Structures are given as C-alpha cells and as structure tokens.
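First the structure, in the form of structure tokens, and then the observations on it.
The values are calculated or read from the model by the stated rules, or taken from the named source; none is laboratory data. Everything quoted here is computed from the prediction, not taken from an experiment. Reconstructed Cβ throughout: ideal geometry from the backbone, glycine too, with neighbour counts over all protein chains shown. Heavy atoms of the whole protein, side chains included, go into the accessibility calculation; ligands, DNA and RNA do not. Shrake-Rupley method; radii C 1.70, N 1.55, O 1.52, S 1.80 Å.
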Amino acid sequence: MTRLLLAITLMCASLGQAVANVAVKSVRFWQAPDNTRVVFDVSDAPEFSTSILNNPERLVIDIKKGKLDLKLDDVAISSTLIGKLRDSTPPDNQTLRLVLEINNRFDVKSFALKPYGQYGDRLVLDIKDLAKQETAPVIESPKAGQSRDLIIAIDAGHGGEDPGAVGPKGTHEKDVTLAIAKRLADKINAQKGMKAVLIRTGDYYLDHRKRTAKAREKRADLFISIHADGFKDKRANGSSVWVLSQRGAQSEMGRWLEERENASALLGGEDSLNLSKYDNDVAKVLLDLSMYNAVGSSLDIASSVLGEMKHVVPRLHKPTVQQAGFLVLKNPDIPAILVETAFISNPKEESLLLSKNHQDKLAAAIFKGVHKYFEQRPPEGSMYAMNKVNRHVISRGDTLIGVAQTYQVSVNDLRSKNALTSDVVRIGQVLVIP
Ligand SMILES: [Zn+2]
C-alpha cells in the first residue's frame, strides 16, 4: 500500500515536472515604426510554434511544456500594434497557448535565443505591421542644373533588448546615443545642402543588416554610427573615432571593443544563423574594390571629425583614427565611421554624456567635421559641389597667367574676382578661382 502510494506520488511529481519545463517569466515589447518585437523570458530553451488567425487578427503561440510564471493582467503592453496578451485553451494539456491580439494585418518571424549576457533563454516574435509597410522610397534625381542634398545616415547604436554599455549610475548607452544622434540630425537638417536620415528613431533594436540597408535605400553619402564606450576599468576615458578594418582591430582595446560592439547582435536578438551567413556575404563584398574606396574616404572623414571633437571633449582616448572590424561599418559602398563619444563606464564621462550641453557639443563637433570634409571633397552633383569655392595657393614659379591657364579662366576674371590691382603674385597668396 505504502509502496503503491509512493509510486503514484512519484508519477505525479515527474508528470508535474514534465508539464512545467518552460516557465514564461516576463515579457517585453519594443515598438519600431513598422514592427513590434515581443520578447518572452523563459526558463529553458523553448519548443514552440506560432500560427496566424484572421478576423480579428491574432497570433497564437503554443509552447510545449510551457507554464505561466507571470500574471498576464499585469503585463503592460507598450505597443500600439498589440491589443492584448491572453492565454487560451491549449490543444493538449502539455502545451501552453498564448494569444496576442493584433490591431493590424501582420506577419511574424519567430525564433529562440540562447542565454547571453544579462539574458537567459528568450523566445522572440518580430511582428511586422503590414499596414505600415514602408513603400519603396521615391528618390528623385535632380533635374539638369539642380543639385542634390547630401544624405547623412545617423545610426544611434544599440536599442531595445540591447542597452549597450551601462554606466555606474545605470545610464544606458542606447539612450545617450539616440539623444546625440537626434541633435546631430537637427544640425544636419539646418544646413543647406544636407539631409539627415535617422536609422533608429526610438527604443528598439535593429540588426546590422537593417541599419546598413536603410542607409543604402536612402542613398546615403555617409554612415555615422554613434556609440559610447564601456570598459571593465572605470578609469578608462576619452573619445575615439573608428573606421572599418578588413583585418580586425589593431590594438587590444580595439579587439575588446570590437567583440563588445559586435556582441550587440546577440544581445539585441539577431538570429545567430543569419549572422554567420551575413559574415560570409560580407567576406565576399570585402573583395569588391569599391569597399576599399569607401574605407579610404571613411578615414578622411573620420580624421576631420576627430579634429573637431578634440576641441570639445576632455580627452581623446586615441589621438588618431582607429580601425576595427565593426559589423555595422561593413557597408560595401558607403563611407562609414563609428564615433565612441566617451566612456559611459567612467563616472565623470557618464555625467557628461547625460548633460544636454555636452551632447550638443558632441553633435556640433561631429557635424562640423563632416561639413568641413564635404566642403573640401563634395560628391559630384551635390549642392556642396556647386558651392565649392576653388582656391589656389601661389607657390614658387606661379604666375597670374599660369594660374588662369591651369583653371581655364580668363586673367581678367581672375583679376576682378580677387580685386587685384597688379599682376604680381607672391608665394603663399590665396587666389579664389572664379
Ligand atoms: Zn556601442
């Protein structure tokens, strides 16, 4: 009798265990302009399936051996795409069935993420709002005689599930990068002949391919990724500017940073399968000669930005442009730079990063560096190219007639443009070419 009772008890216990293998502990919502990411924190690698029901629109999630470890009524849904999260009658008693009521027609991509960083196992649903599908951008080519705006893509690092580095006061890198990116966009949009495209506009994660794809779709002339460093040693400080290196980082700090910034993909929730595939694609793209050209101008833009930043930051972490293999800089055809604005892990610099005044100074310095570069080397067809003032600095042996011939202008025009009273020029004199 006792033995039988024990056997029954054991059976129940093991049954109970089997049913409650995957506990759903919490849920987060990250709304982007055209999709919402829903993340369930679960106690173990989930086995699950999803299905879509229409009229009304619903997403059904069946988790094998799932159980609820949270009160669904307490869940705050911070997405206008999602109406409600509830449970429903499961197909069998081994399954937990959850239902998301969706406010628009939608599509879904779902995957599980293994524990990484501060996160345990996660079940991720990317719900695409089909009503907000971005239509293909209409990019008008400027008419003859008209110039086009320079397009500057500004990428605020991290976002959503991926906070980036976290400061001693708890400041998230993703928040300061967005604040600085928005200020930079304002400055760019206030400049005639330049237009900003914010790659990320709110608190959500975008994978690296989407970030660069958006820049390419908008035909960006430059891609600027904004970040703030984090290091295990709180004393580390200063700003740095980076460009892509095909070989990977030169310095130990660079390697550490490269690893950390690239880990963002795992933290933010990218399919690791897709990621490795992406790297293969990138490897192929790297062979493209245009890549080398883009890296070349990236270096010049980066030095121009670094040259301006040194006036507004307490210290440069590195006095020269650094190179590392950041995923987000792997644009095959667009010059790309990555600005590490400061060390958020350093208490003093964390405070600076939170200061609106300092955020503005950083944005102004980046803007100035970019503006100066394009003034010097404006892409063809841009307003910068049309407004470019050609100057010639007189060196030994130069004559006024010689300069006029070089630039194919008349001596008279050259004389009047520079208000010259004689044809004698001296070494070092700067002539504006009409
Ligand atoms: Zn970062």
With DSSP loop assignment and no more than 13 other C-beta atoms within 10 Å, the trypsin sites (Lys or Arg not before Pro) in the range 155-185 are K169
In nanometres, the difference between 0.36 nm per residue of separation and the alpha-carbon distance of K169 and A236 is 22.5 nm
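Can you give the charge dipole size of the range 18-130 about its Cα centre, rounded to the nearest 20 debye, using +1 on the beta carbon of Lys and Arg and -1 on the beta carbon of Asp and Glu?
That gives a dipole near 80 debye.
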Checked the range 390-433 with the C-alpha gyration tensor, a ≥ b ≥ c its square-rooted eigenvalues, rounded below a/c of 1.5, otherwise prolate if a/b is larger than b/c and oblate if not; verdict rounded
Ignoring ligands and nucleic acids, L113 exposes an accessible area, probe 1.4 Å, in Å² to the nearest 10, of 20 Å²
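Taking a 32 Å limit on the Cα-Cα distance, which of the listed pairs K192/K214; K310/K388; K132/K192; K195/K356 fall beyond it?
In this structure, not one pair exceeds 32 Å between Cα atoms.
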A 1.4 Å probe over the protein heavy atoms gives the range 147-228 a carbon and sulfur accessible-area percentage of 48 percent
Probe 1.4 Å, all chains present, heavy atoms only: T421 accessible area in Å², nearest 10, is 150 Å²
Counting only protein heavy atoms and rolling a 1.4 Å probe, one gets per residue an accessible area for the range 18-130 in Å² of 49 Å²
One finds, for L420 and Q376 with R0 = 22 angstrom and r their Cβ-Cβ distance, a FRET efficiency to the nearest 0.05 of 0.30
Ordered by number, the GluC sites (Glu not before Pro) in the range 340-402 that occupy a DSSP loop and have at most 13 other Cβ atoms within 10 Å are E380
P(r) over all Cα-Cα pairs of the range 77-228, 10 Å bins from 0 to the longest distance, whole percent per bin, short to long, reads 9, 27, 31, 20, 9, 3, 1, 0
Amide H proximity to L198 below 5 Å, modelled H, separation 5+ or other chain, gives I154
Both in Å, the radius of gyration and Dmax of the C-alpha trace of the range 18-130 are 13.2, 40
Those trypsin sites (Lys or Arg not before Pro) from the range 325-434 that are DSSP loop and have at most 16 other Cβ neighbours within 10 Å turn out to be K388, R396, R426
Here the range 215-226 yields Karplus 3J(HN,Hα) values (6.51, -1.76, 1.60; θ = phi - 60°; whole Hz; Gly and Pro given as x) of 5, 5, 4, 8, 6, 5, 8, 7, 10, 10, 9, 9
SASA check, M386, accessible area w/ 1.4 Å probe, all protein chains in place, rounded to nearest 10 Å², comes out at 110 Å²
In terms of the charge dipole of the range 340-416, which places +1 on Lys and Arg and -1 on Asp and Glu at the beta carbon, the residue among A364, L353, V389 farthest towards the positive end is V389
